[in-house]
Amino acid sequence: MKRVRLAQVFDFSKRILLACATLIVAPLAVQAEDSLVKPLTPIAENREPVIQHSEQAAQASEKLSALEKKFKKKPNILVFLMDDVGWGDPGCYGGGHTSGAPTPNIDRLAKEGLRLTSCYAQPSCSPTRATIMTGRLPMRHGILRPPMYGEKGGLEGEVTLAQVLSKAGYATQAVGKWHMGENKESQPQNVGFDDFYGFLGVSDIYTEWRDPYFYPEIVNSPERTRLVMKADFNKFMVRSQKGGEIENIEEITIPVASTLDEKWADYSIDFLKRQAKSDKPFFLYHCTRGCHFDNYPNEKFKGKSPARHPFKDVLVEIDDVLGRLVKTLEETGQLDNTLIFVTSDNGPEMETWPDCGYTPFRGAKGNTWEGGMRVPGIAFWRGVIRPGRTSDGLFDLSDIFTTSCTLAGVPGEVPKDRYIDGIDQTSFLLANDGDSNRKFEYYWLMKTLSAVRVGEFKYLRAATSTTADDVVNMGGFSGVAESYSYGKFFNLYLDPKETHSYLIRKLVYNEVLQSALKKHAETFKKYPPKLAVSVE
Ligand code: CA
């Protein structure tokens, strides 16, 4: 008996030693791949070169094959795009309870999926949306800034993700905010979507001039109100079907605006339920109304967030919407065959404070400081993406285009006649310890190539104003664009607020950053920029 006990003690001690050894080596596991030293592999003249990870790509491919055998169709793709939600707003990024708006559903997907800490949008909404839809940067798809109040120009002439997926046999559904052009040729039903239910513009153009707090000079003048009503922009929530015409459903007054996220959620849920019985995989592009200014919370959520402020109430609601969509996927047996990507279209809009979100970084919506472009990015896929992952690997929202083409089994459908900035990140998302295939992130401030990032380093040669106010996130669109004589160099790990440029100490990195900018600029020689919505 005694001997047995001793053996048990020995065995137990061995386990403790093993556990200690694991703990000792564990910190090494969090050391991510050093993308700075990784070579780039060219894949085509019109494509961004990539960091290749063959083993990870093979693992991702195996997972996809096994899934197709099980479900007998390609995987579904759900892009859940929030509006003006900052990097720091969801709980899993430090917000949530801390800032008076718990986001349990977003947090759950992050916890059970992959949380990206360096996911990049464009500085404002329409440029980002078109980048997701085309895999191309704004200087290529031409939507350099949001078209406002019915301005002409949009997605027309681009090859869209909806078109590619539709051709690959997907049901394509867009719900919510569009804002990639109101003109007929740029409307969702004419750029690849089977069906669209939402609005064509952006929240504020429907409601701001109806609100006596913001526009008393219009609300109190029937003549001025009539003038706005006559202006040539659509003022309705609309519906359209492939090849058809836009049908006006309901005029978007302030009370109607407060119900949109609820109506859009119901519409998407109906779509998901129908899809469960379909042989076709789906692409659902669900774009929330919240939390773009001005936020008028749904009666069910008004004053219900701990912060009791409109932005926070609406954030709580859109988190609930996400939860409802995920629940529907689960109940209809589709959750295991659906990639869910949750993100936002730009940093917080600080010029409408306090109706705005939060970022711990410098700057805000409208500029190329980190706060303007770095957004939440969560990839969730039950049984496919290993739970609990976090990565600081670079992910640009243009990568959604190329990655989705691979998931749909049509990587060859990525256009060859135009430059594609998106990188196929399938292996990054799906392999158990996937690394980003993207080496560089480029920052464009309208027509100006503003900065480049590699690893933790960012070289900034032009940006919007540099007043102390910017550091506490004020500004955004209102600053003055400045071009620096020598550029600024930041270590984003040591200096996320981008306040300590130490270029003079770090010239050793000059070559890698300068040549990246040069090569990127050179791509525009063969593939000239396009200006669809721009400044003069
Ligand atoms: Ca936005």
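The values are calculated or read from the model by the stated rules, or taken from the named source; none is laboratory data. It should be emphasised that the depicted structure is a prediction, and the values quoted were computed from it without experimental measurement. Methodologically, a virtual Cβ is constructed for each residue, glycine included, from the backbone with ideal geometry; neighbour enumeration extends over all protein chains shown. These area figures cover heavy atoms from the full protein model, side chains too; ligands, DNA and RNA do not enter into them. Shrake-Rupley method; radii C 1.70, N 1.55, O 1.52, S 1.80 Å.
Remarks
- Here Thr332 meets the list (1) modelled with pLDDT of 95 or more; (2) in contact with a Pro (Cβ under 9 Å, 6 or more places away or on another chain); (3) more than 16 Å from the ligand (Cβ to nearest atom) almost entirely, failing just condition (2).
- Residue count for the range 192-250, restricted to those that are free of Cβ contacts under 8 Å to residues at least 40 places away in the same chain and polar (S, T, N, Q): 4.
- If you filter the range 388-428 down to residues that are assigned to a helix (DSSP H, G or I) and charged (D, E, K, R), you find that the one that is nearest to Gly366 (Cα to Cα) is Asp399.
- The condition of being touching a residue at least 24 places away in the same chain (Cβ under 8 Å) and within 16 Å of the ligand (Cβ to nearest atom) holds for Ser124.
- Counting only strands (runs of 3 or more DSSP E) that sit wholly inside the range 106-204, those with at least 1 residues that are open to solvent by less than 10 Å² (accessible area, probe 1.4 Å) and more than 25 Å from Tyr267 (Cβ to Cβ) are 114-120.
- Any hit, the range 456-464, residues being open to solvent by 10 Å² or more (accessible area, probe 1.4 Å), among the basic types (Lys, Arg) and under 30 Å from Glu55 (Cα atoms): no
- Any chance Val314 is within 19 Å of the chain's Cα centre (by Cα), away from the ligand (no atom under 16 Å from the Cβ) and open to solvent by less than 30 Å² (accessible area, probe 1.4 Å): no
- Taken as a whole, the structure leaves Arg362 outside the set of residues that are open to solvent by 20 Å² or more (accessible area, probe 1.4 Å) and more than 13 Å from the ligand (Cβ to nearest atom).
- Check on Gly371, within 16 Å of the ligand (Cβ to nearest atom), of a type outside the set (A, V, I, L, M, F, W, C) and touching a residue at least 40 places away in the same chain (Cβ under 8 Å): yes
- When Trp353 is tested against (1) within 16 Å of the ligand (Cβ to nearest atom); (2) crowded, with 24+ Cβ neighbours inside 10 Å, only condition (2) is not met.
- The single condition among (1) over 21 Å from Ala462 (Cα atoms); (2) surrounded by fewer than 24 Cβ atoms within 10 Å (Cβ to Cβ); (3) in contact with a strand residue (DSSP E or B) (Cβ under 9 Å, 6 or more places away or on another chain) that Gly377 does not meet is (2).
- When Phe236 is tested against the conditions (1) open to solvent by 20 Å² or more (accessible area, probe 1.4 Å); (2) of a type in the set (Phe, Trp, Tyr); (3) more than 18 Å from Trp178 (Cα to Cα), the lone failure is (3).
- Qualifying position, being touching a Ser or Thr at 6+ places or on another chain (Cβ under 7 Å) and within 14 Å of the ligand (Cβ to nearest atom), among Pro138, Pro90: Pro138
- Test for Glu247: is it among the charged types (D, E, K, R), within 16 Å of Leu200 (Cβ to Cβ) and either more than 16 Å from the ligand (Cβ to nearest atom) or touching a Gly at 6+ places or on another chain (Cβ under 6 Å) (or both): yes
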